[in-house]
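Let me begin by presenting the structure, written as structure tokens, before commenting on it.
The values are calculated or read from the model by the stated rules, or taken from the named source; none is laboratory data. Fair warning: this is a prediction, and the values are worked out from it, not measured in the lab. Counting neighbours? That spans all protein chains shown, and the Cβs are built from the backbone with ideal geometry, glycine included. Each accessible area value is taken on the protein alone, full model and side chains, heavy atoms only, with ligands, DNA and RNA left out. Shrake-Rupley method; radii C 1.70, N 1.55, O 1.52, S 1.80 Å.
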Amino acid sequence: MKNLYSLCVIIAFVSFAGFLVENIWIGITKKYIDNRNMVFPFLFGYGLAVTLIYALFGTPHDISFFGCDIQLSDKISEPLLYFIIVFLCVSIGEIALGKTVEKVCHIKWWDYSKLPLHITQYTSFFTSLGFAVMIVLFMDKVFVPLYGMLMMCDIGALKNAAVILTAVMTADFLHSAYFMYKHKSLMQIWKIDLSGLTLSHRKSIIKNGK
């Protein structure tokens, strides 16, 4: 069970990193940051996606395909193949998520239509490229040592952290999904306008995300 608890903590770590990445992106492009449709600073989908990639394809230097090891001839081929796989996963995943939310909740969650080389409004070559680079670097430089460090932790403390974090993220995710389905809009609890550095704190509904 220790490996499962470790993965749960990593999911929380990546989910928090996803929250930061999205706010950095909108902070640069739209000059504000907000709660990203969640109560707590975790975007559960990021953590689940990265963990699923690990389960299906391993890591850049220990690549597998649905559990079957892949041995390539040189040290460059494996990370390159891994990058291509992650790029495709990001692109397909964003389209699938965006289309699903649009159909079920009648929300256009984000729109990359103004970006060059976009594929539908939900993904583009450059956004998928950016996400793929971050994921490959994380899996290569952070995931393995972090997983090893967590495996050395006291199992009691690790279990408590994993259970609490997973419960919080799951409840928050379900609450957000219900809010979107019920109101056909995103939930904005707080927003900081970076252009004027003003803070607004409220629970409201908005039509667009990223």
Total lysine pairs whose alpha carbons fall under 23 Å of each other in the range 37-143 (8 or more apart, or interchain): 4
Considering only protein heavy atoms, with the full assembly of protein chains and a 1.4 angstrom probe, order Leu7, Leu150 by accessible area, largest first. Leu7, Leu150
Enumerate the amide H contacts of Leu194 below 5 Å, restricted to partners 5 or more residues apart or on another chain; note that Pro and chain-start residues carry no placed amide H. Tyr32, Ile33
Rounded to the nearest angstrom and ordered from largest down, what semi-axes does the equivalent ellipsoid of the chain get from its C-alpha gyration tensor (root of 5λ)? 30, 23, 16
For Ser64, put the label point 7 Å out on the Cα→Cβ axis and report which residues of the range 37-53 keep their amide N under 13 Å from it. 52-53
Based on the Cβ-Cβ distance of Ile76 and Asp193, what FRET efficiency does E = 1/(1 + (r/R0)^6) give at R0 = 45 Å, to the nearest 0.05? 0.50
In percent, what relative contact order does the range 1-150 have, based on Cα pairs under 8 Å that are 6 or more apart in sequence? 19
GNM, the chain, Cα, under 10 Å: largest mean-square fluctuation among Thr100, Thr170, Thr29? Thr29
FRET efficiency, Val39 to Leu117 (Cβ-Cβ, R0 25 Å, nearest 0.05): 0.10
Could you tell me what percent of the accessible area of the chain is made up of carbon and sulfur, with a 1.4 Å probe and every protein chain present? 73
Set Lys and Arg Cβ to +1 and Asp and Glu Cβ to -1, take the dipole of the range 1-146 about its Cα centre, and tell me which of Leu72, Val50, Trp109 lies farthest positive. Trp109
Taking Cα atoms only, helix 44-57 is inclined relative to the longest principal axis of the chain by an angle, in degrees rounded to 10, of 20
Extension gain from Asn160 to Leu174, taking 0.36 nm per residue of separation minus the Cα-Cα distance: 2.9 nm
The long-range amide H neighbours of Gly58, using H built 1.01 Å from N in the peptide plane and a cut-off of under 5 Å, are Ser64
Farthest toward the dipole's positive end in the chain, which of Gly98, Tyr181, Met151, given Cβ charges of +1 (Lys, Arg) and -1 (Asp, Glu) about the Cα centre? Tyr181
Dipole size in debye (nearest 20) for the chain around its Cα centre, Lys and Arg Cβ +1, Asp and Glu Cβ -1? 980
Near the amide H of Tyr122, under 5 Å away, which other amide H atoms are found, from residues 5 or more places off or on another chain, if H is placed in the peptide plane? Tyr112
Mean accessible surface per residue for the chain, computed with a 1.4 Å probe while every protein chain stays in place, in Å²: 56
Which semi-axes, in whole Å and largest first, does the equivalent ellipsoid of the range 28-90 have when worked out from the alpha carbon gyration tensor as the square roots of 5 times its eigenvalues? 32, 15, 8
